[in-house]
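The next block holds one structure in the form of structure tokens; read it before the comments.
Any read-out appearing in this document is the output of simple, stated calculations on the displayed coordinates, not a laboratory observation. Please read all numbers here as calculations on a predicted model, not as lab measurements. Here Cβ is always computed from backbone atoms with ideal geometry, including for glycine, and neighbour counts include all displayed protein chains.
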Amino acid sequence: MGEVDARPFPPGDYPLVVVGSGPGGIQVSYSLRRLGVEHALISADDAPGGMFRRFPFFQRLLSWTKPYAPVPRGSRAYERYDWNSLIGEEPSHRAIQPEFMDGTSEFPSRPEMEAQLAEFVRRAALPIRYGCLWEATRRDGDRFVLETSDGEYRCGLVVFAVGVAEPFTPEMPGRELVAHYVDTRDPETYAGRRLFIVGKQNSGFELASGLLHWASRIVLASPRPAKLSVETNSLAGIRARYVQPIEDRFMGGGVYILNASIEGVERAGDVLRVRTRATDGGMDLAIEADEVIAATGFVAPLRDLPALGVATFGPSRLPAQTPYWESASLAGIYFAGTINMGSPGLKKNGVAGTGAVHGTRFNARILAREIAERHFGVVAPRPALAPRDVVGYLLEEATDAPELWNQKGYLARAVLFGADGPYDEGIVPLQAFVDGSGPDGVAIGLEGDSEGVIRPAAYVRRKGAVSEVMLDPDPLNEFRGSSDGRARLTAALEGLLR
Amino acid sequence: MTMTVAERAALLSRVTLFAGLPEASLQALAELAGEAEFGDGDAIVLQGQVGTGLFVIVAGAARVVRGGEELDRLGPGDYLGELAVIDRMPRMASVFAVGPTTCLALASWDLFRRVDGDPELVHSLLRGLALRVRHLSEHHSH
Amino acid sequence: MAGTEELIDELSDLALFADLARPELAGVAHTLEEEWYADGQRILREGFSGTGFYILLEGEVAVRIEGQERARLRRGAFFGEAAILLGEPPGADVVAAGRVRVVHVAGPALHEFLMRHPNVMFRMLQEQTRRLRSANRWAR
């Protein structure tokens with residue numbers, strides 16, 4: 001392992017600058033270096049890890065790393081069962097997370113995750129300029145200038161991997177009386193207190209779960225009914241880990257869950273009074289509490305990018321992105337990490353690509369390849385395939401490919417048919433394949449249907465028109481030997497397998 | 001002919017516009033529906049008049065005429081007048097009985113009263129109309 | 001939940017939501033997911049399963065069948081419900097013509113959404129009736 005310069009990348013001219021040293025920034029920088037693309041990596045923090053240096057509060061992640069999986073640790077297929085390790089090409093850089101887990105849970109603790117990210121940076125000898133805060137952005141002809149606490153960086157391209165990390169509390173009378181999720185204290189300081197939590201998504205229920213045995217009463221309120229992941233059949237919704245407060249509610253254990261908007265918070269003597277307005281035909285209520293906490297989410301910390309022309313949308317003010325994670329309104333600005341939720345994909349049955357590490361680490365690797373090819377002329381090899389092997393290869397990928405499993409309905413394995421026969425185009429964003437132009441080809445991914453059953457989905461492009469071929473599910477998700485899949489794919493590719 | 005409420009409900013359940021409607025909603029509609037008899041050549045609805053009813057043919061037949069031109073023939077289970085009932089705009093075509101014809105008639109005011117408390121009914125109407133739009137656009141693209 | 005108040009204001013201007021009081025509208029605004037499309041991006045795809053219901057907030061979309069433009073929809077228009085109600089894939093592409101902002105209800109969630117807001121559904125029914133009338137004018 002080589003010595004890493006403590007303060008690399010001084011201000012100056014670079015072809016590309018990556019901002020952020022969370023999982024997204026680290027992964028994209030690592031993958032760019034593998035491709036030989038020169039760039040600077042800068043971060044406001046003083047150590048790697050991004051949000052995992054602080055969150056989640058109650059110290060365990062929602063994403064597993066299974067120590068015992070059906071496939072060997074360190075193999076590509078193992079990445080499906082290890083949602084937290086960054087993905088390296090060298091054997092020593094792979095499956096680092098399980099090395100840092102103490103065996104008490106398949107969910108790493110926050111410090112274990114942070115340690116894994118730092119270890120990846122160390123093993124990859126990844127140079128990062130820490131303590132360099134991006135403050136403002138401007139155009140200079142067709143280049144960008146990033147103003148930072150260390151000085152100016154001039155570059156043709158930027159990848160922002162800055163998370164969706166800026167605490168957000170909605171406008172309401174008495175907002176100054178409301179704490180945000182990020183201000184949560186040690187649990188014992190809530191002993192015997194009546195809590196009012198605004199927001200019924202995972203962060204709200206995480207707080208309620210973590211404080212359940214400390215608080216004397218917990219009210220959770222937001223306008224829209226809580227959704228459970230086990231009902232949506234996806235990662236959208238409250239995760240199974242956090243449903244205890246819901247069970248307590250049904251048992252009358254001092255937990256109350258309201259569908260109501262918050263009209264305002266006011267001080268009433270020693271306590272706070274929250275005025276709520278039912279959105280489901282229930283009663284309007286004024287509720288007393290000792291503490292009001294807003295678990296109302298985060299927005300993307302984009303600073304002045306919207307003024308520069310980066311279009312944003314939705315409650316988290318996410319930048320709208322192309323299928324390759326470029327700003328949809330300002331060319332040359334790319335995004336990596338959680339912020340990729342601004343490119344939700346096809347959203348079949350409402351399911352978007354995940355913004356969590358297990359999915360966005362693959363996005364970052366694809367983004368690095370895209371940038372290398374489009375802007376630096378570094379073209380990745382596309383291995384030729386024998387026509388008779390194509391169908392088997394697609395079914396193999398549907399069974400094992402971690403990219404397909406961890407980014408369902410979002411990433412796909414593509415095989416294109418060129419003048420010299422079929423070749424492996426690699427893992428691509430599904431939306432880029434189905435809406436893009438190019439030679440005839442096929443892309444296979446995995447999708448949950450409206451009942452949550454996982455099925456392989458193939459998309460066949462002929463003369464620019466793409467058709468969908470949904471394959472049958474398998475009770476053990478083993479599609480390799482599927483005679484139905486083989487027959488349907490062979491028929492769908494009729495005339496192309498030459 | 002006089003039908004029982006159950007017979008009317010059974011008939012309505014076979015009309016595409018009400019397909020999938022829960023039993024309770026069908027029952028309620030059946031209770032509101034009246035029977036109307038038409039002789040050969042009688043007008044069931046007239047083009048240009050503001051519609052106040054939706055008709056389902058129970059027995060007999062009807063022809064749809066606009067500007068003197070016959071557009072369609074209808075038989076038992078077919079319905080007519082569904083647009084005028086919803087928007088209370090003038091009928092777009094006339095429909096005449098062919099031979100003695102019996103219809104179930106639903107008055108727009110009765111239907112509107114149901115709409116308020118019966119979202120499933122609105123849902124089935126919406127679905128029924130979506131089916132019509134789809135058939136029309138398929139018809140035109142082929 | 002940034003900007004939900006603005007979204008509520010925007011929704012309250014649309015005919016589809018004209019019958020809803022503010023608290024119910026707030027519930028609606030929190031149920032809908034906002035999306036943004038660049039010029040030429042597809043929102044609905046002809047023949048693809050698993051589609052959603054969309055309401056157009058900003059911009060224009062083109063309805064295309066086999067590549068041929070059949071209609072243009074503008075602010076306040078909605079689309080995608082027919083495919084979900086009929087359980088069939090959409091019969092047309094819907095493509096952003098310029099920048100487009102929409103709100104979206106996922107297919108599997110549409111029935112519950114409509115049942116919860118019968119007034120919205122009735123407005124949709126009236127609009128559907130209007131569409132059929134204009135289609136009928138040159139059809140039968």
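Note the per residue figure in Å³ for the convex hull of the C-alpha positions in the range A:175-296.
Hull volume over Cα atoms, normalised by residue count, gives 104 Å³.
Between their Cα atoms, which of A:200/A:408; A:347/A:463; A:348/A:408 are more than 19 Å away from each other?
Flagged as over cut-off: A:200/A:408; A:347/A:463.
Starting from the Cα of residue A:133, step 7 Å along the direction of its Cβ; do the same at residue A:177; then give the gap between the two resulting points in nm.
In this crude spin-label approximation the distance works out to 3.2 nm.
If the range B:5-141 were replaced by its equivalent ellipsoid, with semi-axes equal to the square roots of 5 times the Cα gyration tensor eigenvalues, what would those be, largest first, whole Å?
That gives 23, 18, 14 Å for the three semi-axes.
Work out the FRET efficiency for residue A:123 and residue A:280 from their Cβ-Cβ distance, taking R0 = 51 Å, and round it to the nearest 0.05.
0.45
What ranking of A:308, A:367 emerges when the number of other C-beta atoms within 10 Å of each C-beta is taken as an exposure proxy, fewest first?
The order, fewest Cβ neighbours first, is A:308, A:367.
Just the projected area, averaged over all directions, of the convex hull on the alpha carbon atoms of the range A:387-492: how many nm²?
Taking a quarter of the hull surface, the average projection is 6.2 nm².
In chain A, which longest range has no GluC sites (Glu not before Pro) that are both DSSP loop (not H, G, I, E or B) and surrounded by at most 11 other Cβ atoms within 10 Å?
A:172-450
Whole percent per 5 Å bin, from 0 to the bin with the longest distance: what is P(r) over all C-alpha pairs of the range A:1-146?
Going from the shortest bin to the longest, the percentages are 2, 10, 18, 20, 18, 13, 10, 6, 3, 1, 0, 0.
Would you mind classifying the range C:18-60 by shape? Square roots of the alpha carbon gyration tensor eigenvalues, ordered a ≥ b ≥ c; an a/c under 1.5 is rounded, otherwise it is prolate if a/b is larger than b/c and oblate if not.
On the way: a/c = 2.87, a/b = 1.89, b/c = 1.51.
Here the range C:18-60 falls in the prolate category.
If I model the range A:401-443 as equal point scatterers sitting on the Cα atoms and use the Debye formula, what is log10 I(q)/I(0) at q = 0.17, 0.27, 0.33 Å⁻¹?
Log10 of I(q)/I(0), two decimals: -0.44, -0.92, -1.16.
Run lengths n ≥ 4 of DSSP H only: what is the helix-derived mean residue ellipticity at 222 nm for chain B, with -39500 (n - 2.57) per run over all residues, to the nearest 500?
Rounded to the nearest 500, it is -12500 deg cm²/dmol.
Output wanted: per-residue J couplings in Hz (rounded whole) for the range A:39-51, from phi through Karplus 6.51 cos²θ - 1.76 cosθ + 1.60, θ = phi - 60°, x for Gly and Pro.
For the range A:39-51, the Karplus curve yields 6, 10, 10, 10, 8, 6, 6, 10, 7, x, x, x, 4 Hz.
I need the trypsin sites (Lys or Arg not before Pro) found in the range A:23-129, filtered to DSSP loop residues with at most 14 other beta carbons within 10 Å of theirs.
Numbers: sites: A:33, A:34, A:53, A:54, A:60, A:73, A:76, A:80, A:94, A:122, A:123, A:129; in loops: A:54, A:73, A:76, A:94.
Passing both the DSSP loop test and the Cβ count: A:54, A:76.
Quick one: which residues, 5+ away or cross-chain, put their amide H under 5 Å from the amide H of residue A:440? H built at 1.01 Å from N.
Placed amide hydrogens put A:417, A:463 under 5 Å from residue A:440.
Along the range A:380-389, what does the Karplus equation 6.51 cos²θ - 1.76 cosθ + 1.60 (θ = phi - 60°) give for ³J(HN,Hα), rounded to whole Hz, x for Gly and Pro?
6, x, 10, x, 6, 10, 6, x, 6, 8
Going by amide H atoms built from the backbone, whose H comes under 5 Å of the H on residue A:60, apart from near neighbours?
Correct list: A:110.
Taking the dipole about the Cα centre of chain A, with the C-beta of Lys and Arg at +1 and of Asp and Glu at -1, give me whichever of A:298, A:399, A:211 is farthest to the positive side.
A:399
Suppose R0 equals 60 Å. What FRET efficiency, 1/(1 + (r/R0)^6) with r the Cβ-Cβ distance, do residue C:71 and residue A:189 give to the nearest 0.05?
0.50
Evaluate the charge dipole of chain A about its Cα centre and quote only its size in Debye, nearest 20, assuming +1 on the Cβ of each Lys and Arg and -1 on the Cβ of each Asp and Glu. It would help to have the intermediate numbers written out before the result.
On the way: 54 positive and 63 negative charges, 98 e Å.
Using only the charged Cβ atoms, the result is roughly 480 debye.
Give the order of C:32, A:62 when sorted by the count of other beta carbons within 10 angstrom, beginning with the fewest.
A:62, C:32
Give me the extension gain from residue A:230 to residue A:304: residue separation times 0.36 nm, minus the current Cα-Cα distance, reported in nm with one decimal.
Length difference between fully extended and current span is 22.8 nm.
Go from 0 up to the bin containing the longest alpha carbon distance in the range C:1-103, width 5 Å each, and give me the % of pairs per bin.
So the P(r) values, bin by bin, are 2, 13, 22, 22, 19, 13, 7, 2, 0.
Which three extents, in angstrom, do the Cα atoms of the range A:163-209 have along their principal axes, listed largest first?
In descending order, the Cα extents are 29, 27, 18 Å.
First check a/c for the range A:79-229, with a ≥ b ≥ c the square roots of the eigenvalues of its C-alpha gyration tensor; if it is under 1.5, answer rounded, and if not, answer prolate when a/b is larger than b/c or oblate otherwise.
It is oblate, given that a/c is not under 1.5 and a/b is not larger than b/c.
Amide H to amide H, which residues 5 or more places from residue C:71 or on other chains are under 5 Å from it, using H placed in the peptide plane?
Result for residue C:71 returns C:63.
Just how large is the dipole of chain C about the Cα centre, in debye to the nearest 20, putting +1 at every Lys and Arg Cβ and -1 at every Asp and Glu Cβ?
740 debye
Starting at the first residue of the range A:291-305, write each ³J(HN,Hα) from the Karplus equation 6.51 cos²θ - 1.76 cosθ + 1.60 with θ = phi - 60°, in whole Hz, x for Gly and Pro.
9, 10, 10, 8, 9, 9, x, 9, 10, 6, x, 8, 6, 8, 4
Helix-only estimate, please: 222 nm mean residue ellipticity of chain A, summing -39500 (n - 2.57) across DSSP H runs of length 4 or more and dividing by its residues, to the nearest 500. All intermediate terms of the calculation are to be shown ahead of the outcome.
Values: 11 runs with 103 residues, N = 498.
Estimated from H runs of four or more residues: -6000 deg cm²/dmol.
Sorted from largest down, what three extents in whole angstroms do the Cα atoms of the protein assembly as shown have along their principal axes?
Sorted from largest, the Cα extents of the protein assembly as shown read 100, 80, 53 Å.
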